[in-house]
Amino acid sequence: MPDIGEKEKEDMKKKIEYSDAPKQVAESISLSERIDDFLPPPDRLIRKSEKVKITITLDSESIAFFKASAKKNNVKYQTMINEILSKYAERYSYTI
C-alpha cells in the first residue's frame with residue numbers, strides 16, 4: 001500500500017495542460033517563464049543591524065498587513081518593513 005501522499009506526488013509530476021482556458025491565455029501560460037520569489041515570508045523578516053530614523057508615509061493596507069504579521073510573529077512591524085526594503089535593495093543594487 002502506498003504511503004500517504006505518494007499518489008499526490010505522482011499526480012504533481014504530470015504536465016498540466018490549460019485546454020479549458022481561452023487560446024490566448026493558454027498560449028501565454030505555456031510560453032511564460034517562472035521567476036523565483038526573492039522575498040522571504042513574513043516570519044523571516046527579522047534581522048538586527050544599524051538603523052537610521054526616518055519619517056515615511058505608507059498606505060494603510062500595507063501597514064495593516066505588516067502589523068498583523070508582526071503580531072503573529074512577536075516582532076515589531078517596522079523591523080519587518082525594514083527587512084523587506086533591505087532585501088529589495090540587495091536584489092536590485094547591481095543596477096545602480
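Where a number appears in this text, it was derived from the coordinates with a stated rule and is not lab data. Bear in mind that the values here come from a model prediction, so they are computed numbers and not experimental data. Reconstructed Cβ throughout: ideal geometry from the backbone, glycine too, with neighbour counts over all protein chains shown.
Listing for the model above:
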read-out	value
Distance in nm between pseudo-label sites at Asn82 and Asp43 (7 Å out along the Cβ direction from Cα)	2.2 nm
Mean Cβ neighbour count within 10 Å, used as a protection proxy, ranking 36-43, 84-91, 52-59, 70-77 highest first	70-77, 84-91, 36-43, 52-59
Selection from Ala64, Leu39, Val52, by position along the positive dipole direction of the range 22-96 (Cβ)	Val52
